[in-house]
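Here is the structure we will look at.
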Amino acid sequence: MSLSRRAALGSRIAACSLLALAAVASHAQGRFAISGDGQEVTDTTTRLTWRRCAEGLHWDGKTCTGRLVKYNYAGAKSAANAARSSGKPWRVPTREELVALVDAKAKKKPRVDAQAFPKVTNGPFWATREGSDDNLNAWLVHFNSGKVRANLGQSKFPLRLVRPAS
């Protein structure tokens with residue numbers, strides 16, 4: 001194979017690889033748009049932007065790495081307040097917002113888009129109870145089943161922050 005032919009083939013392979021990566025990054029199940037830096041995911045249906053990784057984890061360019069942090073409900077609210085120092089209005093999601101991420105048709109657990117939200121645990125995540133401002137009334141949303149249950153806020157669970165899309 002001639003050198004120019006190899007170069008042309010190499011260019012085509014590189015172009016196809018870039019197109020495939022772009023399609024995955026921006027299309028994730030057709031509903032989620034991943035930010036250019038990979039840190040955030042915008043749900044085009046609900047118009048909400050989520051942190052791609054749960055609190056304690058960070059995006060390394062390929063996946064979420066680090067150590068998952070679990071909070072009691074008061075700690076989850078404090079973590080959301082601290083995240084606002086970035087200049088973005090991060091908050092604990094509502095039950096309805098978190099349930100909207102669950103894909104009930106998914107055959108594999110956890111039942112969320114694994115490309116948009118890698119390394120999601122099967123267990124419950126914190127959700128806020130609308131109309132309640134105390135640290136004792138919260139919801140837990142299970143990504144393995146989509147089930148929701150009330151919680152008094154004392155146990156520790158992971159947190160995924162959300163904000164309005166800009």
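Throughout, read-outs are computed from the coordinates displayed, never taken from laboratory work. Everything numeric here is computed off the predicted structure, so don't read it as measured data. Positions of Cβ are generated from backbone atoms using ideal geometry, with glycine treated the same way; all protein chains shown enter the neighbour counts.
Data for the structure
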quantity	calculated
Phi-based couplings in Hz for the stretch 146-160 (Karplus 6.51, -1.76, 1.60; Gly and Pro marked x)	x, 6, 10, 9, 6, 8, 7, x, 8, 6, 10, 9, x, 9, 10
Dipole magnitude of the stretch 31-164 about its Cα centre (Cβ charges: Lys, Arg +1; Asp, Glu -1), debye to nearest 20	400
In nm, spacing of pseudo-spin labels at T46 and K107 (7 Å Cα→C-beta vector)	2.6
Relative contact order of the stretch 29-78, pairs being alpha-carbon contacts under 8 Å that are 6 or more residues apart, as %	22
Cα shape, the stretch 44-166, gyration tensor, a/c 1.5 rule	rounded
Cα-projected label distance for Q154 with K119, points at 7 Å along beta-carbon direction, nm	3.1
Separation of the S132 and D60 label points, Cα + 7 Å toward Cβ, nm	3.7
